[in-house]
Amino acid sequence: ARLTSLLRDAIGANEFHLLYQPIVTLPEGDLVGVEALVRWHSPVRGPMSPGDFIPIAEQTGLIVPLGRWILREACRQAVEWRAQHPRARALRMNVNVSGRQLQEAGFADDVAAVLAETGMPAELLTIEVTESGVLSDAPTIATLHALRAQGIGLALDDFGTAASSLGLLLTCPVDALKLDRSFVDRVTTVARQSTVATAVVQMARSLELSAVAEGIETPEQAAFLHDLGYRLGQGFLFARPLEPSALADMFFVER
Ligand code: G
Ligand code: G
Ligand code: MN
Ligand code: NA
């Protein structure tokens, strides 16, 4: 209860900020996009992990106003980078969206309004959704179609971890799969893990979806996943989630 009220106040008090983790080509490591990841520095509790506060935000519905702020801030940042750096012109921005947000009536219209307000091109925005029960609800699927109709990309996050994954490929208008990092962990040493990684990339190819391998930590994993057919990756090997200025220094500033 205490955390809920701290969280409620935090939205008005601007206690959140976003970090950005690069999504890169394999094997070159060229930047193609970033995933926005929210951070909360509570003056009362100190730094809080999204793994702890996002579930509470979802349960209480606070994810709706928080998610709206996250989307607007990520789009604002992308537009600023595009204006400042030639290398950021084609940068994609991935934003995580909770099932709870997709269930809000008017979500697709809210997103359209944020794009218009910030000047963000729809084609450069990808919404990441995690497989969950709500993705099989008809109104949610209608929302996903409305987003895709605007030109917004849709990625299935943590792909492979939920039993419903495969059915969603038929019902949701996705255009990218993000292989969950639990399958990347020991992909070079555990045959079962590489079997899943292989199946996902083959499915992506035959459905004409892009596939991103998450949680790449070693050059061996990157090489192995590239051999399996992955053309995009994300993980600590390439970069941790970064402050905007650090990301610009690493990837945009010409030297
Ligand atoms: O950044 P980190 O690995 O600590 O994130 C932990 C979890 O919180 C991940 O599952 C991630 O998807 C989720 N998360 C991080 N940022 C956001 C966000 O902006 N919105 C939502 N809905 N989830 C997020
Ligand atoms: O669930 P989602 O894929 O949105 O989670 C993203 C989170 O994964 C980020 O908060 C980030 O901190 C974490 N992450 C990103 N790359 C790596 C990695 O290489 N290893 C590990 N262990 N975690 C990672
Ligand atoms: Mn994600
Ligand atoms: Na993920």
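Every read-out reported here was derived from the displayed coordinates using simple, explicitly stated rules and does not represent laboratory data. In this text the structure is predicted, and so the values were computed from the model without any measurement. In this analysis, Cβ positions are derived from the backbone assuming ideal geometry, glycine residues included, and neighbour counts consider all displayed protein chains.
Numbers for the structure displayed
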| quantity | calculated |
| --- | --- |
| Some residue of the range 102-121 being surrounded by 14 or more Cβ atoms within 10 Å (Cβ to Cβ) and within 15 Å of ligand 2 (Cβ to nearest atom) | no |
| Residues of the range 145-160 classified as away from ligand 3 (no atom under 13 Å from the Cβ) and among the aliphatic types (A, V, I, L, M), total | 4 |
| Conditions (1) closer than 30 Å to residue 225 by Cα; (2) more than 16 Å from ligand 3 (Cβ to nearest atom); (3) within 19 Å of the chain's Cα centre (by Cα); number of the one not met by residue 112 | (1) |
| Residues located in the range 156-174, provided they are in a loop (DSSP other than H, G, I, E, B) and more than 13 Å from ligand 4 (Cβ to nearest atom) | 163, 164, 172, 173, 174 |
| Residue match in the range 129-150 (condition: part of a strand (DSSP E or B) and either in contact with a Ser or Thr (Cβ under 9 Å, 6 or more places away or on another chain) or among the charged types (D, E, K, R) (or both)) | yes |
| Residue list for the range 133-155, restricted to those being buried (at least 18 other Cβ atoms within 10 Å of the Cβ) and not hydrophobic (A, V, I, L, M, F, W, C) | 140, 143, 148, 153 |
| Scope the range 80-91; condition of a type in the set (D, E, K, R) and surrounded by 19 or more Cβ atoms within 10 Å (Cβ to Cβ); matching residues | 82 |
